[in-house]
Amino acid sequence: MYIPEFNRVRDDAETVAFVQANPFAILVSPSDSGPFATHIPILVREADNRIVLHGHMAKANPHCDLLQNDKESLAIFHGPHAYISPRLYESRESVPTWNYAAVHVYGQTRAVTEPEQLLEETREIIHAFDPTYFEQWSGLSDKFRQGMLKHIVGFEMVATRIEAKYKISQNRSKADQAAVIEALRQSNNSAVAEIAELMKKQGLGV
């Protein structure tokens, strides 16, 4: 990912928090016919000073065959984004742009097919996204749950390289940044308003 230095996020804790807050990602793996992508929720855990991504996908997905090919995969996490109009800038000679936040995580994937590991994977997904459903899930018959697990393949990816980028008007003047923040925070679109909040949290416009 192209990252000018003033757009680079260097804080590892902030990067992990970003991934946790934006878990619906794109996993891209190489294949003989070119890159293959799957849109899935991906969780992150830190273990032994390593960042590990994990999730699961349908067993019928051809991507499953690419999870252990010893080649590097890429997980793309999207954050908020917004169109930025040049009318917000002091200089009339300006051009439109797009503000956004994104994290790219690279590493080799490992398929997870053992029933107990898959069961733990589903527990983590439920706890992360729908904890009130866990009691219902636990009350389902073993036959049903084991049958469901047969239709998925889990994966883990130990991060070998992470690129984090906030492109949020860092190259503009304080006055321009303040104008962008004020315009975006009035939007009814949550993704647009979140860019304004991210800019404020990063100390821009003041």
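The values are calculated or read from the model by the stated rules, or taken from the named source; none is laboratory data. Quick caveat, the model's predicted, so the values are computed rather than measured. Using ideal geometry, Cβ is built from the backbone for each residue, glycine included, and neighbour counts are taken over all protein chains shown.
Couple of notes before you dig in:
- First in the stretch 1-30 and closer than 21 Å to GLU194 by Cα and modelled with pLDDT of 95 or more, second anywhere and part of a helix (DSSP H, G or I) and not small (Gly, Ala, Ser), Cβ under 7 Å, 6 or more apart: VAL9/THR15
- Residues satisfying the stated conditions in the stretch 14-41, i.e. in a strand (DSSP E or B), surrounded by fewer than 18 Cβ atoms within 10 Å (Cβ to Cβ) and among the small types (Gly, Ala, Ser): SER31, GLY34, ALA37
- Hits in the stretch 29-54 (condition: touching a strand residue (DSSP E or B) at 6+ places or on another chain (Cβ under 8 Å) and farther than 15 Å from ILE162 by Cβ): SER29, PRO30, PRO35, PHE36, ALA37, THR38, HIS39, ILE40, PRO41, LEU43, HIS54
- Positions within the stretch 122-181 being of a type in the set (Asp, Glu), assigned to a strand (DSSP E or B) and under 21 Å from TYR100 (Cβ atoms), in sequence order: GLU163
- Screening the candidates ALA175, ALA159, ALA191, ALA179 for the property of being buried (at least 16 other Cβ atoms within 10 Å of the Cβ) and over 30 Å from PRO115 (Cβ atoms) yields one hit, ALA179.
- On inspection, LEU204 passes the criterion of being under 18 Å from GLU5 (Cβ atoms), among the aliphatic types (A, V, I, L, M) and modelled with pLDDT of 95 or more.
Per-residue answers, yes or no, for (1) closer than 26 Å to GLU120 by Cα; (2) at pLDDT 95 or above:
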position	(1), (2)
GLY147	yes, no
PHE155	yes, yes
THR160	yes, yes
LYS165	no, yes
SER169	no, yes
ALA175	no, yes
ALA179	no, yes
ALA193	no, yes
GLU197	no, yes
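- Among strands (runs of 3 or more DSSP E) entirely within the stretch 42-106, having at least 2 residues that are buried (at least 17 other Cβ atoms within 10 Å of the Cβ) and free of Cβ contacts under 8 Å to residues at least 60 places away in the same chain singles out 72-84.
- In the stretch 107-121, residue nearest to ASN69 (Cα to Cα) [restricted to those that are assigned to a helix (DSSP H, G or I) and among the charged types (D, E, K, R)]: GLU121
- Each residue in the stretch 122-136 was checked for being in contact with a helix residue (DSSP H, G or I) (Cβ under 9 Å, 6 or more places away or on another chain) and surrounded by 16 or more Cβ atoms within 10 Å (Cβ to Cβ), and 2 pass.
- The set of residues in the stretch 177-195 that are over 8 Å from ALA82 (Cβ atoms), over 22 Å from the mean Cα position of the chain (by Cα) and touching a residue at least 24 places away in the same chain (Cβ under 8 Å) comprises GLN177, ALA178, ALA179, VAL180, ILE181, ALA183.
- Restricting attention to the stretch 171-201, the residues being in contact with a helix residue (DSSP H, G or I) (Cβ under 6 Å, 6 or more places away or on another chain) and small (Gly, Ala, Ser) number 5.
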